[in-house]
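Trainee: Sharing a structure, written as structure tokens. Questions coming.
The values are calculated or read from the model by the stated rules, or taken from the named source; none is laboratory data. Note that the coordinates shown come from a computational prediction; the quantities given were computed from them, not determined experimentally. Cβ coordinates were reconstructed from backbone atoms using ideal geometry, including for glycine residues, and neighbour counts include every protein chain displayed. These accessible areas exclude ligands, DNA and RNA; they are computed on the full protein's heavy atoms, side chains included. Shrake-Rupley method; radii C 1.70, N 1.55, O 1.52, S 1.80 Å.
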Amino acid sequence: MSSEPARGAEPVPPPPGGVLWSLSGDIRALLMLPAALTLQVAHPAVGAGVDEHSVFRTDPWGRGERSLRSLQLWVYGGEAAAEEGRRLRALHRTIQGTDTRGRRYHALSPANYAWVHATGFPVYQHAARYLVRPLTPAQERALYREWLQVGRILGIHDRDMPQTIEEFWPYYRKVLAEEIEATAVVEDLVAVDRPVPPPDRGPLPLRLLLKVLWPVLFPPLARFRRFVTIGLMPPDAREAIGLEWTDRQERRLRRFSGVVRRVVPVLPERLRYLPYARRARAAHRGITRRPGAPARSV
């Protein structure tokens, strides 16, 4: 049965204490996002839209900051979540053109818009096995239900997204088989030799220091970005795009992930969670959590 909001009702974010509430605000989500973004733009229409209309090459830090803020609002924004969804739809209304296969596209075409959102679920599900721990079947189902809630915030109709996990996987595999390719934007996102300007956010002394050190810092950072982007992408998606991944790299990823799994959970909350998540968690504890009630996390 569809749980799409009644006509005129605002869609609501996922529930506090849910699977997505725990995953998307954890700093480990920062390692998962590049894989999801790369899988999004491997769709010819999405890749063409980003290639032609995005500022990710000229303003990567600003675009990244805005994208992360938006994602956090979907989950932790409360009443601001629906407003953010409307803003994003308005932003995408004029994005259209011709993709790499000569087909006309529009960013808000249901198939294109739904795919951009859909990619988050398999990436979260796969990357959690490495960086957090494998989700149980019940947690996977909860994560998918919550991801559908986020989709409604973004203006995705239930008819345009598979409504169960059982329906999702055939849809996902069909898109991988028929649409996904190594677009120009994918190549940029996994390249280690494309120039990226130094960060332009943060305190001035830090920006100046990074600007001086950037020629030394960027090459290993670019290699690490490629490593986590490809490594945390589901293997079937990696294969569909044509991204190489070796057994040696897999062993390195497992060692790295083991360290992350041990270190992050013992960090203080101010370091473990992103700002929106941290504030939302504190507000939820102060208003609704009963003394002694167990926290639902993954």
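Trainee: Would you mind stating whether Glu239 is open to solvent by 60 Å² or more (accessible area, probe 1.4 Å), part of a helix (DSSP H, G or I) and at pLDDT 95 or above?
Mentor: Spelling it out, Glu239 is indeed open to solvent by 60 Å² or more (accessible area, probe 1.4 Å), part of a helix (DSSP H, G or I) and at pLDDT 95 or above.
Trainee: Quick test of your reading of the structure: Arg133 fulfils all but one of (1) buried (at least 17 other Cβ atoms within 10 Å of the Cβ); (2) within 24 Å of Leu30 (Cβ to Cβ). Name the failing condition by number.
Mentor: That leaves (1) as the condition not met.
Trainee: Determine whether the range 203-219 contains at least one residue that is under 19 Å from Pro34 (Cα atoms), open to solvent by 40 Å² or more (accessible area, probe 1.4 Å) and either of a type in the set (Lys, Arg) or touching a Ser or Thr at 6+ places or on another chain (Cβ under 6 Å) (or both).
Mentor: no
Trainee: Next question. Against the condition within 19 Å of the chain's Cα centre (by Cα) and open to solvent by 50 Å² or more (accessible area, probe 1.4 Å), how does Asp247 come out, does it pass?
Mentor: Against the criterion (within 19 Å of the chain's Cα centre (by Cα) and open to solvent by 50 Å² or more (accessible area, probe 1.4 Å)), Asp247 does not qualify.
Trainee: Another question about this same structure. Checking the condition loosely packed, with under 12 Cβ neighbours inside 10 Å, of a type in the set (A, V, I, L, M, F, W, C) and over 24 Å from Ala42 (Cβ atoms), which residue from Val260, Val266 passes?
Mentor: The match here is Val266.
Trainee: Do any residues in the range 1-19 that are surrounded by 14 or more Cβ atoms within 10 Å (Cβ to Cβ) have Cβ atoms under 6 Å from those of residues that are modelled with pLDDT under 60 and not hydroxyl-bearing (Ser, Thr, Tyr), where the two are at least six apart or on different chains, and which pairs are they?
Mentor: Sorted first by the residue in the range 1-19, then by its partner, the pairs are Pro11/Pro5; Gly17/Arg296; Val19/Val298.
Trainee: Need a quick list: helices (runs of 4 or more DSSP H) entirely within the range 74-137 having at least 1 residues that are of a type in the set (Phe, Trp, Tyr).
Mentor: 110-118, 120-131
Trainee: Does the range 139-153 include one or more residues that are open to solvent by 70 Å² or more (accessible area, probe 1.4 Å), closer than 28 Å to Pro265 by Cβ and at pLDDT 95 or above?
Mentor: Yes, the range 139-153 contains a residue that is open to solvent by 70 Å² or more (accessible area, probe 1.4 Å), closer than 28 Å to Pro265 by Cβ and at pLDDT 95 or above.
Trainee: Determine whether Thr119 is surrounded by fewer than 20 Cβ atoms within 10 Å (Cβ to Cβ) and more than 19 Å from Glu10 (Cβ to Cβ).
Mentor: no
Trainee: If you take the residues of the range 161-178 that are of a type in the set (D, E, K, R) and without any contact (Cβ under 8 Å) to a residue 24 or more places away in the chain, which of them is surrounded by the most Cβ atoms within 10 Å (Cβ to Cβ)?
Mentor: Filtering first and then ranking leaves Glu167.
Trainee: May I ask you to list the residues in the range 44-86 that are within 18 Å of the chain's Cα centre (by Cα), open to solvent by 60 Å² or more (accessible area, probe 1.4 Å) and of a type in the set (D, E, K, R)?
Mentor: Correct list: Arg63, Glu65, Arg66, Arg69.
Trainee: Now a separate question. For the range 197-206, does any single residue satisfy the condition of being within 24 Å of Gly49 (Cα to Cα) and acidic (Asp, Glu)?
Mentor: No: zero hits.
Trainee: How about the range 166-199: which of its residues are within 27 Å of Pro219 (Cβ to Cβ) and not in a helix (DSSP H, G or I)?
Mentor: Ala182, Thr183, Ala191, Val192, Asp193, Arg194, Pro195, Val196, Pro197, Pro198, Pro199
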